[in-house]
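Laboratory data are not the source of any read-out in this text; all were calculated from the coordinates shown. Predicted, not measured: the structure shown is a model, and the values here were computed from it. We place every Cβ from the backbone using ideal geometry, glycine too, and count neighbours over all the protein chains shown.
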Amino acid sequence: MVRRAGLVAGWFILFWALTGCVPLATVTPEPAAPEVQGVLIDPTSEIGPISPYIFGSNYGPWVSLRPETLPLAEEMGIRHLRWPGGAWGDENTVTPLQVDQFVLLAQRLGAEPYIHVRFLNSSPEQAAELVRYANHEKGYAIRFWSIGNEPSLYEAMGKGWNAEEFAAAWRAFAEAMKAVDPTIQLLGPEIHQFTGTDDVDPKDSAGRDWLRTFLAANGDLVDIVTVHRYPFPNNVERTSAMPEELLADSPRWNQIVRNLREVVRNATGRDRPIGFTEFNSHWSNAAGGATTPDSFLSALWLGDVLARLIQERVDVANYFLLVSGMAQGHGALTPYAPRPAYYVYRLYRMFGAQQIAATSSEPWVNAVAARRKDGALTVMLINRKDEALTLPLHVEGIADLEVEVYRFDNDHSAELVESDRLRFPATIELPARSMTLLVMQDW
């Protein structure tokens, strides 16, 4: 509730090799508390545009949207769709008909299509032919392309290709594809489990760091540097995180992004666009648990991670997965209904496109703000604490505004819960473990 101020005061070794899922060596410290206590929004301090491609997902021929879920997907607000998604794309050759169907779906969802071409048992000529078909023969003008899926797992899974070999082969694919269409944007290397921690990040059998080896060979050719990240499970005994572990992870993403930028800058000599083209709370596809990917707590983790990717000005982020089967934990949608993660994206669909300054003095509450095209100020507040909090709300330079309050928690599915005209400073009540979106404007 928002109120006026004053009213409310062996296998084990293989596991680590394949997943890289170990706790980060250091926990990212929370930002220093601002001088003003509570939440402070400064509409005069513009940070810059928010990339719409942060609100992306993965999709492929191995899943499908049914008549029951297609309308939900259309309303979800996905703006970047990676296809064919996951390992499937390295194990199968897509057909022209599948490409056509994918592009039609992306257009229907209002999402930018993005294709990762097959690398294993494929060739630069085959990749170039797919670009030719999509962009010349069909005129789809697909801008975003990548090559292979999680190549840092190939060697450990017995498929060959160390980091140096893959980097050289990637370049041959990339040059062939750009020769067909020089306007395409190449993403890569799409390695698994990046954190920016040297003793954790993927290495090949010779000890070479996958990302740095790739950038040393292809830093001049890759357009967007992209990695994958699934923080849990991080031990061999449990398939999902404990609630306190899960909710302690999302603040680490600010530092992970900064680590990625630093690696790119050091390896290439300049900044590049960056992204996380597969991410979720868990790589395990478990379902039905308190923190499994289909849970409310995992959705709350997702909402906070997205806020931090916005804060860090990330260019691309593709949640894994758009839709899945009933028994599978991954998927914002089941074949018939939405899951909690779906409502996170519905809430962000009402968020603004121009980031403005926002701070929170409460360590458990993350605040990110933006201005919409209609002039409204939007503020996303994520309370990870297991109890309700009441905080002062300040809007710099503004005396009063009409405020609509939308909420996502165990009792509300990204729905309007309150509207009022407020004078600032006001107070904001945040339920335990919740996301609250404030839409503020002078009607």
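Summary table
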{"read-out": "Computed helical MRE - 222 nm, the chain, DSSP H runs ≥ 4 contributing -39500 (n - 2.57), nearest 500", "value": "-8000 deg cm²/dmol"}
{"read-out": "Residues whose placed amide H lies under 5 Å from that of Leu65, excluding near-sequence neighbours", "value": "none"}
{"read-out": "Cα centroid separation, the stretch 214-275 to the stretch 365-443 (Å)", "value": "30"}
{"read-out": "Residues whose placed amide H lies under 5 Å from that of Thr427, excluding near-sequence neighbours", "value": "Arg3, Arg4, Ala5, Leu393"}
{"read-out": "Simple label model, 7 Å out from Cα along Cβ direction - Arg372 to Ser45, nm", "value": "2.4"}
{"read-out": "The stretch 200-212 - phi-based ³J(HN,Hα) in whole Hz, Karplus 6.51/-1.76/1.60, Gly and Pro as x", "value": "10, 4, x, 10, 8, 5, 8, x, 7, 5, 4, 5, 5"}
{"read-out": "Per-residue HN-Hα couplings for the stretch 104-117 [Karplus 6.51, -1.76, 1.60; θ = phi - 60°; Hz; x = Gly/Pro]", "value": "4, 5, 4, 4, 5, 7, x, 10, 6, x, 9, 10, 9, 7"}
{"read-out": "For Phe102, Phe166, Phe424, order by how many other beta-carbon atoms lie within 10 Å, fewest first", "value": "Phe424, Phe102, Phe166"}
{"read-out": "Other-chain or far-sequence residues with amide H under 5 Å of Val368's (modelled H)", "value": "Met380"}
{"read-out": "Proxy reagent accessibility, fewest Cβ within 10 Å first, across Trp364, Trp210", "value": "Trp364, Trp210"}
{"read-out": "Where the Cα pairs of the stretch 62-221 fall when distances are cut into 5 Å bins, in %", "value": "2, 9, 17, 20, 18, 14, 11, 7, 2, 0"}
{"read-out": "Cα-centred dipole magnitude for the chain, charges only on beta-carbon of K, R (+1) and D, E (-1), debye, nearest 20", "value": "420"}
{"read-out": "From the C-alpha gyration tensor of the stretch 299-423, square roots of 5λ in Å", "value": "27, 16, 15"}
{"read-out": "Calculated from backbone phi, Karplus (6.51, -1.76, 1.60) coupling profile of the stretch 407-424 in Hz, x at Gly/Pro", "value": "9, 10, 8, 5, 10, 9, 10, 6, 10, 5, 10, 6, 8, 6, 9, 10, 9, 9"}
{"read-out": "Cβ-based exposure ranking for Glu46, Glu129, in which fewest neighbours within 10 Å come first", "value": "Glu46, Glu129"}
{"read-out": "Anchor Lys203: lysines whose Cα lies under 28 Å away (excluding residues fewer than 8 positions away in-chain)", "value": "Lys159"}
{"read-out": "Percent antiparallel among DSSP beta bridges (both partners in the chain, rounded to 5)", "value": "60"}
